[in-house]
Amino acid sequence: MSEVQNIFALTPETYQPHALHCHDQNFRETNCYSDLVIEIINGLGLNAVACLGYTLAADFEGDQWTFGKPSHHDLENLYGVRIEELSLYRALVDQ
């Protein structure tokens, strides 16, 4: 089964969220972008922890306020997942 088939075979009844999103966490802060990436990778049956190395690079010289997210390069190299960010300025059907 290919990854594309695998992700479309997911159903709400059978899907298990990644362990990073369990409900008994002490600290439930989220990052919508990273949460989405984690669950996409989890849906493919892969371990999303490998893409979280970027969190160790932040320090306290100004970049602690930078929006943290896995790099597209890392996601493609680690998992074969290619993400494109689009800036929509019209209705999606008109693009």
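If the segment from residue 9 to residue 85 were pulled out straight at 0.36 nm per residue, it would be longer than the present Cα-Cα gap by 24.9 nm. The protection proxy used here, the mean number of other Cβ atoms lying within 10 Å of each residue, ranks peptides 45-55, 80-90, 11-21 as follows, highest first: 45-55, 11-21, 80-90. Spin-label model, residue 16/residue 92: points 7 Å from Cα along the beta carbon direction are separated by 3.0 nm.
Quick note: the coordinates plus some simple rules give every number you see, no bench work behind them. Since we're looking at a predicted model, the values are computed, not measured. Heads up, the Cβs are rebuilt from the backbone with ideal geometry, glycines too, and the neighbour counts pull from every protein chain shown.
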